[in-house]
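Trainee: Sharing a structure here in C-alpha cells format.
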Amino acid sequence: MQDGYHTLISLLLPDFILDFFELKEVRKEEDVFHLELQEVNITPNVPDGEKLLSKGFFPTITVQDFPIRGHKVFLHIKRRRWLNTSTNKVAYRDWNIVAEGTRITEGFAAFLKEISRYQP
C-alpha cells in the first residue's frame, strides 16, 4: 500500500474506525477511492469464564462513504467473527451497542447503522 494514501485516509476517517479496523489497502480508480478495512482481533466483551476464539471473517460488505474532493469513496469492510467455546455459537461485535453512549458525528452514526444492516 502506498504510505501517502494510508496517512491521508487515516486522517479523514474517524478515530473510532481506526480503533476497531485496520486500513489494509487504498486503491484509486479514476474518480473512486476504495478503502479496505479489516476488523482487528480485539474480542467483544463476554461474561466471565467464557472464551472466544478467532474464526476468520464474515463476507466483505461495501458501504459508500462521503465523497472526498469529488471522488466517490467505498469502504470494503471485513468484520471478524469468533467462536464462543462455552456455547459453541458464533460471536461478533454488535455495532449498535458500541455506538451507544459514544460521542460520534451523525455521519459516523449513519455508517454504523449501515454496517449493522448486514447482520450475519
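Trainee: Can you tell me how many residues in the range 31-68 are assigned to a strand (DSSP E or B) and at positive phi?
Mentor: Within the range 31-68, residues that are assigned to a strand (DSSP E or B) and at positive phi number 1.
Trainee: Please find, among Lys28, Lys24, Lys55, the residue that is over 24 Å from Asn84 (Cβ atoms), touching a Lys or Arg at 6+ places or on another chain (Cβ under 9 Å) and modelled with pLDDT of 85 or more.
Mentor: Numbers: Lys28 fails: touching a Lys or Arg at 6+ places or on another chain (Cβ under 9 Å); Lys55 fails: over 24 Å from Asn84 (Cβ atoms).
Going through Lys28, Lys24, Lys55 in turn, the sole match is Lys24.
Trainee: Does the range 68-89 hold any residues that are farther than 16 Å from Glu36 by Cα and under 18 Å from the mean Cα position of the chain (by Cα), and which are they?
Mentor: Arg81, Trp82
Trainee: I'd like to verify a number: residues in the range 18-42 that are touching a residue at least 40 places away in the same chain (Cβ under 8 Å) and either among the β-branched types (Val, Ile, Thr) or loosely packed, with under 13 Cβ neighbours inside 10 Å (or both), how many?
Mentor: Residues that pass the stated criteria total 4.
Trainee: List the number of the failed condition for Thr87; all other conditions in (1) at pLDDT 75 or above; (2) surrounded by 12 or more Cβ atoms within 10 Å (Cβ to Cβ); (3) in a loop (DSSP other than H, G, I, E, B) hold.
Mentor: Checking Thr87 against (1) at pLDDT 75 or above; (2) surrounded by 12 or more Cβ atoms within 10 Å (Cβ to Cβ); (3) in a loop (DSSP other than H, G, I, E, B), the one that fails is (2).
Per-residue answers, yes or no, for (1) over 22 Å from Glu22 (Cβ atoms); (2) among the acidic types (Asp, Glu); (3) in a loop (DSSP other than H, G, I, E, B); (4) modelled with pLDDT of 65 or more:
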residue: Ile77; (1), (2), (3), (4): no, no, no, yes
residue: Arg93; (1), (2), (3), (4): no, no, yes, yes
residue: Arg103; (1), (2), (3), (4): yes, no, yes, no
residue: Gly107; (1), (2), (3), (4): no, no, no, yes
residue: Ile115; (1), (2), (3), (4): no, no, no, yes
residue: Pro120; (1), (2), (3), (4): no, no, yes, no
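Trainee: May I ask you to say which residue of Val46, Val73 is modelled with pLDDT under 85 and either of a type in the set (A, V, I, L, M, F, W, C) or more than 24 Å from Ser10 (Cβ to Cβ) (or both)?
Mentor: That would be Val46, the only listed residue that is modelled with pLDDT under 85 and either of a type in the set (A, V, I, L, M, F, W, C) or more than 24 Å from Ser10 (Cβ to Cβ) (or both).
The values are calculated or read from the model by the stated rules, or taken from the named source; none is laboratory data. Keep in mind that what you see is a predicted model, and the values were worked out from it rather than measured. Neighbour counts are summed over all protein chains in view; Cβ atoms, including those assigned to glycine, are modelled from backbone coordinates with ideal geometry.
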